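Please read the structure below before turning to the comments.
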Amino acid sequence: MSALPERGESRRAANARKRISRRPSRLGLVAGATLKPDRVREADAGFPGLLKRAWRRAEQTDDLRSFVEVLLTLDGHVPADVQLRALSAAEEAALAALCGLSWRAPAPAAPATAAPATAAPGDAAPATAAPGDGTSGDAEETVFSGEIALATSGRIVLRVPSAAPLKADGLVGGVRRVPWTRATLDAYRAQLRRAEDRVARTVADCRGWLAEQGAEGRGELLEQAKEAALRTAPFVLYQQGRQYTNFRDHNTLTGKTLWPGHPDCALSSLQDLPLELWSDHDVQLVVCLTLLIRSAGPGRVEEANGTQLTVDHVAHMLERIRVGYNAALGRDQVPPAASATVADLHELAVSLRSHRGEVARQAQLYREIHGALMHKIEKVAGPCADLARAREDAVTARLTSRLPLRGDNLAELGEALAAAPGWLAAPHGDFATGLEALVYESAAAATEAFEADFAMSRGMRSLPDLITALREERWAEICDWEITRFFCCVVPDPSAARHFGDSAAALADAAWAMSSRMQYNSWHFIAGNLPKAPEVVDRDHFVPPTIPDVAFYSDQHHHGHVNNNVRFSIRSPQSVVVDGRRFNGFVDLRLLRCDGDPFGEQDLLAAHRVSAFTARATGLVAELAAAGEQIEVTAFDSPWHWSAVTGGADPATRAS
């Protein structure tokens, strides 16, 4: 099978080609001709199954606080802090009064004066008393019967005084009845009063700041927020009981479902409305999105994923980032916000963005991703330690044994490569070019060195074609290129077949599915590096990634991740300069583990060096191509993955 579509191919021929399956185990067969899928996933695979397991685990606890802590972390799958910041003001006040749990400054222990919990049919078992957990066995009278449950969104939900009973159709299991005593009620009222005062002050401040921007300025803020929602990965944000999302539920923001300007988009609906008609929720939404975007670009919005989007939450996040930046710089370069007002927080956000580049030169920025709630946290990595060096040494040893390079580390290999890059354009071993050999050997070395189930590296097949199109400013043509213009080399560890029924054929199919998805990612990001011509703006794309990330429990939402057991991962994107234009996220290295231990910060630091080496090689090939060298990557298509993974003959000769 050709790696690139034939030039001059007729539409009929192209459509016929597309109807042929490219799955390695079914090459040559018509797509969709099998009687049933090879693998059928469980109905509750991924997130629904995790929620059910977390609820069952919570039911086994002995006291209310332990019950809540299991739900907050989804039984150890996410940080409790994320769920605590997802609570509405009333729910936050209730949880603080009942359990003494809060994301804010440590609260005093809740009074041990609530009556024993009782269970209704389908409820969790009653809790036994424990000091300070809100379920004491004291005989004080119950004045209100509350409820705590786990919603299908993954959030903890509480029934508080004056609220209706929780609706069963939005819950994972039953509800846990929680009796409130007079003391609990008094603590709740005090907490709620402070929260209501805080919200009132915040809303007034937000309205005042937005009024100062004027109608034109507010319009620009809305356009900025809409563009961020459109060009950012899925997120779910809350404003008290209101949900703002571009994800799978009923969308309320521009994204994959709602086109820019759609009347159902909460931001678009504000475009021509006078400020006094904006709801308090929408006022805070626009201000908070502005603060997040101004601090680091659209990607910062994902760091609020799954939480209440309020000014005090954003202030908490910006302060945490400020402390991390100053630690990396070794001095208090970024001063704290003078106050919690929007104006002062905006000044802090702008300052953080202006210093971000300097911080990145001093230390490695990365994101920690908690897949169950799609929540991201920007972190500043510490220095490389023994583990990172050991990983890099192992990769270096394999590369020097298989490629014409010498050096004691990846930086030295890069220097050797730059001194004599010509072999990258010539055949090497079983590959048509040295670049192909380098991409494969780097991914294979990473699979071994990092004890990964899969490693993969992606890029563009024809840099000469890209350079020609760039020089002639054929932006529409670049945007119209299909994913076959890109490649991804996926190298699984043979032992990974245990996750796919011990079948080498199924392992090859999984590797190709990952390769295809990574080709799509290359296609998805490339437009974000082009000038904002109309055809580029209109084409679906995300802002290209610039910093690496390490992810935990990613096998929850993304269908491909669920189907292929992508549990723990590292992504290390790199920029490449092509004929004078920098392309962010042009190549990357990804490492996957289907089970076992998650990757850590030291793994990420070493992986980022491996991907930097591959990016340097790609940049050198781009220089050769710009000088007239014709270099094309033809490996890493479906037949290649079949042969590399199974070592078998052409599957088209085998019975289906």
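Between Arg57 and Val143, the FRET efficiency estimated from the beta carbon spacing at R0 = 41 angstrom works out to 0.85. Take Ile631: with every protein chain present and a 1.4 Å probe, its accessible area is about 10 Å². Backbone amide hydrogens, once placed in the peptide plane, bring Val178 within less than 5 Å of Gly146, Glu147, Ile148, excluding anything fewer than 5 places away on its chain. Long hydrophobic helices in the chain, taken as whole DSSP H segments with a C-alpha length of 30 Å or more on their own axis and mean Kyte-Doolittle hydropathy at least 0.0: 504-526, 601-626.
Ranking Phe247, Phe47 by solvent-accessible area of protein heavy atoms (1.4 Å probe, all protein chains present), from largest to smallest, gives Phe247, Phe47. Magnitude of the charge dipole for the chain, about its Cα centre and with charges confined to Cβ atoms of Lys, Arg (+1) and Asp, Glu (-1), is about 960 debye. Matching the structure-derived percent of Cα pairs over 41 Å apart against the labelled list (i) 48; (ii) 40; (iii) 34 gives the label (iii).
Tell me, what % of the accessible area of the chain is carbon and sulfur with a 1.4 angstrom probe? Could you put the intermediate results ahead of the total?
Working: 14030 of 27370 Å².
It is 51 percent, rounded to a whole number.
Computed from phi, the 3J(HN,Hα) profile of segment 158-168 under the Karplus parametrisation 6.51, -1.76, 1.60 (θ = phi - 60°) reads 10, 8, 10, x, 6, 9, 6, x, 5, 7, 5 Hz, with x in place of Gly and Pro. Think of the chain as a dipole: +1 on every Lys or Arg Cβ, -1 on every Asp or Glu Cβ, centred on the Cα centre; then among Leu292, Ala225, Ser145, Ala225 lies furthest on the positive end.
With +1 on each Lys and Arg Cβ and -1 on each Asp and Glu Cβ, and nothing else charged, work out how big the dipole of segment 433-475 is about its Cα centre, in Debye to the nearest 20. Intermediate values should be presented prior to the final figure.
Working: 4 positive and 8 negative charges, 56 e Å.
In total the dipole reaches around 280 debye.
Taking the convex hull of the alpha carbon atoms in segment 547-656, what volume per residue do you get, in Å³? Mind showing how you got there, number by number?
On the way: hull volume 16.8 nm³, N = 110.
Value for segment 547-656: 153 Å³ per residue.
Distant-in-sequence amide contacts of Val236, defined by a placed amide H-H separation under 5 Å and a gap of 5 or more residues or a different chain, comprise Gly306. The solvent-accessible area of Trp209, taken with every protein chain present and a 1.4 Å probe, is close to 20 Å².
Given +1 on the Cβ of Lys and Arg, -1 on the Cβ of Asp and Glu, and no further charges, what dipole in debye does segment 537-656 carry about its Cα centre, rounded to the nearest 20? For this selection, approximately 100 debye.
When the charge dipole of the chain is built from unit charges on Cβ atoms (+1 for Lys and Arg, -1 for Asp and Glu) and taken about the Cα centre, the candidate among Ala80, Pro534, Gln630 whose Cα reaches farthest toward its positive end is Gln630. What the phi angles of segment 589-595 give under the Karplus curve with 6.51, -1.76 and 1.60, with θ = phi - 60°, is a coupling list of 10, 10, 10, 10, 10, 7, 7 Hz, glycine and proline written as x. Entry comment: accessible area of the chain is 42 Å² per residue, from protein heavy atoms only and a probe of 1.4 Å. Database remark: amide H of Ala86 closer than 5 angstrom to the amide H of Gln308 (H placed geometrically; neighbours at sequence offset of 5 or more, or on other chains; Pro and chain starts carry no H).
Computed from backbone phi, the HN-Hα couplings of segment 543-555 come to 5, x, x, 10, 10, x, 8, 10, 10, 10, 6, 7, 7 Hz, rounded to whole numbers (Karplus: 6.51 cos²θ - 1.76 cosθ + 1.60, θ = phi - 60°; Gly and Pro given as x).
Taking every alpha-carbon pair under 8 Å whose residues sit at least 6 apart, the chain reaches a relative contact order of 13 percent.
Spread over its residues, the convex hull of the C-alpha atoms of segment 318-435 is 186 Å³ per residue. Met374 sits with roughly 40 Å² accessible to a 1.4 Å probe, with DNA, RNA and ligands left out of the calculation.
The values are calculated or read from the model by the stated rules, or taken from the named source; none is laboratory data. Please read these numbers as outputs of a predicted model, since none were measured by experiment. Glycine gets a Cβ as well: all are built from the backbone with ideal geometry, and neighbour counts include every protein chain shown. Side chains included, ligands, DNA and RNA excluded: accessible areas come from the protein's heavy atoms. Shrake-Rupley method; radii C 1.70, N 1.55, O 1.52, S 1.80 Å.
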